[in-house]
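Read the structure below first, then the notes.
No value in this document is a laboratory result; all are computed from the given coordinates. Source: prediction; values computed, not measured. Positions of Cβ are generated from backbone atoms using ideal geometry, with glycine treated the same way; all protein chains shown enter the neighbour counts.
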């Protein structure tokens, strides 16, 4: 079996970290100067690895093996959160590069086709998982018109500034690929808490959201009697607390729900609030549970509405993600490699966070693998993983990739 | 009995309105150029009415009758909210002036002593009811050091800009006064809703507040399971909703409570909130009910604390006002005059809002009278009252003042 070069792996990860480094973190949002510097650096490393490399018109960097298929596509995203950690995305991108190199360097696997990819804007400066959505043909032509970031900078301008306006835009070659593999840090505490070294993802959980809007009557908090009030906050507290009481009754064992955005207006202690907003977000591996949560949330709002205080309206959030199943066969190979390298200290697990594999699973079989995050911290400068976990993860990943490709070419 | 001059009353109110007018409202916060212009205008009207007038070092304008006591002090405040209505405070100030003139013009009452006053900064640019607090000797010498408004302008500078640094500061002459009378718009809907023309206040309700602080653990809303969460918002919703469920069980018939200030941090739909704040404010005429609310709020917080999620701490708000009882004898005179002028369309009622009379009741017997507010609107440019109600209110007020003074001088 192929051997990864641990020193090269760690050295490449550190070099990528240095592009946009701030303290222990990285600031490299999609299409920033540092992001494009990282993409050009990756392109040259793909070339050094013998891959045909290009940056496409949307910023995706593809390193294509000169071997014919069946091929495996391996990678993740190289853009970061506005104040991101050094491994979120970067780990999977460098794993893809290292696996391509390791297989090319081994006589038993050098005939196999591994393509490496660094996708663009997973972190949603403009559009979440924009690179994978575009690569999979899931965006309408001209989708970029009118898309702006939170500072009002347009995607069209960002692409122009990056010098990509004229660059061809790649779309996935569904004939060539037998699947897509992505590695990622867990971004949660489960592996670490359970003393495990690898997680093989069976499903990326689905996500939905509901925005509750409460309209009441703003009034003086001293002179307006309780019976005459239509207090928007009172209705909000009832909806929110009732959701926390009722959701467990229909939840799955890994369901989560969060009401993290609240706005009570005008927000003064002496004024009866006339307006309020509450955003509920919930995730589960099963569409049935997501449907049950949706129905229950609407029912709770209706019941509070009937009380005749402030009126409640509900609107489904713009963001809605269906649960994404990972491919059974790819899981089988990842699990076998994980078992071999960890003395069976691994598990099958859902992914609570979304990833590019969730998009690409619409068009290709996908496999997603986690390594432990120290203290479960992510989207933070403090994000980190132990070097031993990083190296072991790449060994598992390379073995799984080799066995998947060997099975496909000899099977 | 004395007769007020309705035309002069309305004309003075409109002239005062014109100083700092913006649309239908008034912008005349304490010590602003317009506020000082209004105070100088009042001083000259006090002088025209035969009163000895001065603006003291804190901005209070006093017009002292040349008659010897027993005297009645009548007035309110002439400063406004940052975007205030035209009658809040102004009504009571012009009533004081008009009553002084009406009594001076009538042969049966011209020997009586009515002093008129326009107090400073009731609306809390620097310190709520600062003028009445200072006038009653309730502020420490040098209290103004370090006091700033919301824009960081110091009270010391504001007094200097107003040219008052060297002006003597007046304190109430407790020997001279048999009481203080204040008239005010209701700022609530009760009189209008009940078809009443005058409210005689028996108590200015007390007010307390509690700030709840929730400390949990900020986390990724996808990867942190419900059982492992310490969600600050979840604890907040439970405390708030439980308060709304439990407070009615210990409330009086006019108790009010409000939770109008909420802060959930960091406030993103995908992040489990690690920190939250909730401010509860409650009012009642009885200290016993305020005590019961306080105890219950702390008990609810303790119970949520015991659940072991986010931790809750409680702190009593800086603002705490004891219920202020109005004087029985002054109420009796106001009630008799109200009855005579309204065909018995008046009522005794508590004041849900605070007023200078609440401060002055610490040192003098006080009487407080309301006229109806159109739609109960106040602290808003739209604040208004019908002219017939304004005129009738002043007639009631003048009759009550005359009978109080006549009783005191002949009794």
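What the table below lists for this structure:
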item: Rounded to 5, percent antiparallel among DSSP beta bridges of chain B; result: 65
item: Chain A: angle of helix A:328-342 to the longest principal axis, Cα-based, in degrees nearest 10; result: 70
item: Label-reachable residues, the stretch A:230-265, where backbone N falls under 18 Å from a point 7 Å from residue B:217's Cα toward its Cβ; result: A:254-259
item: Cβ-vector label at 7 Å, residue A:336, separations to other copies in nm; result: 10.5
item: Ratio Rg/Rh [Cα only; Rh per Kirkwood] for the stretch B:201-254; result: 1.21
item: Alpha-carbon centroids, the stretch A:165-199 and the stretch A:344-361: separation in whole Å; result: 8
item: Separation of alpha-carbon centers, the stretch B:241-279 and the stretch A:68-142, rounded to whole Å; result: 46
item: Directionally averaged shadow of chain A, computed from the convex hull of its alpha-carbon atoms, nm²; result: 21.6
item: The protein assembly as shown: calculated mean residue ellipticity at 222 nm from DSSP helix runs of at least 4, using -39500 (n - 2.57); result: -11000 deg cm²/dmol
item: Peptide-level mean, for A:211-223, of C-beta atoms on other protein chains within 10 Å; result: 5
item: Spacing of the two label points (7 Å from each Cα toward its C-beta) at residue A:329 and residue B:316, in nm; result: 7.3
item: FRET efficiency, 1/(1 + (r/R0)^6) with R0 25 Å, evaluated for residue B:245 and residue A:302 via beta carbons; result: 0.80
item: Residue B:410-residue B:295 pseudo-label distance in nm [points 7 Å out on the Cα-to-Cβ vector]; result: 5.1
item: Shortest-first nm distances, residue B:151 label point to equivalent points in other copies (7 Å, Cα→Cβ); result: 3.1
item: Peptide A:200-209, shielding by other chains (average Cβ, 10 Å cutoff); result: 1
item: Descending principal axes extents, the stretch A:155-224, alpha-carbon based, whole Å; result: 72, 48, 24
item: Fluctuation leader among A:277, A:166, A:123 - chain A, Gaussian network, Cα springs under 10 angstrom; result: A:166
item: Closest approach to the axis - chain B beta-carbon, rotation onto A, Å; result: B:241, 2
item: Gaussian network model of chain B, springs between alpha carbon atoms under 10 Å - residue of B:52, B:140, B:15 with greatest fluctuation; result: B:140
item: Beta bridge orientation in the protein assembly as shown: antiparallel %, DSSP, nearest 5; result: 65
item: Per-copy distances of the residue A:246 label point, shortest first, in nm (7 angstrom along Cα→Cβ); result: 2.3
item: Rounded to 10°, Cα long-axis angle of helix A:90-105 versus longest principal axis of chain A; result: 20
item: Per-residue mean of C-beta atoms belonging to partner chains within 10 Å, peptide B:265-277; result: 4
item: Among B:378, B:255, B:311, residue whose mean-square fluctuation peaks in a GNM of chain B (springs only between Cα atoms under 10 Å); result: B:311
item: In degrees, nearest ten, helix A:232-246 long axis to first principal axis of chain A (Cα); result: 50
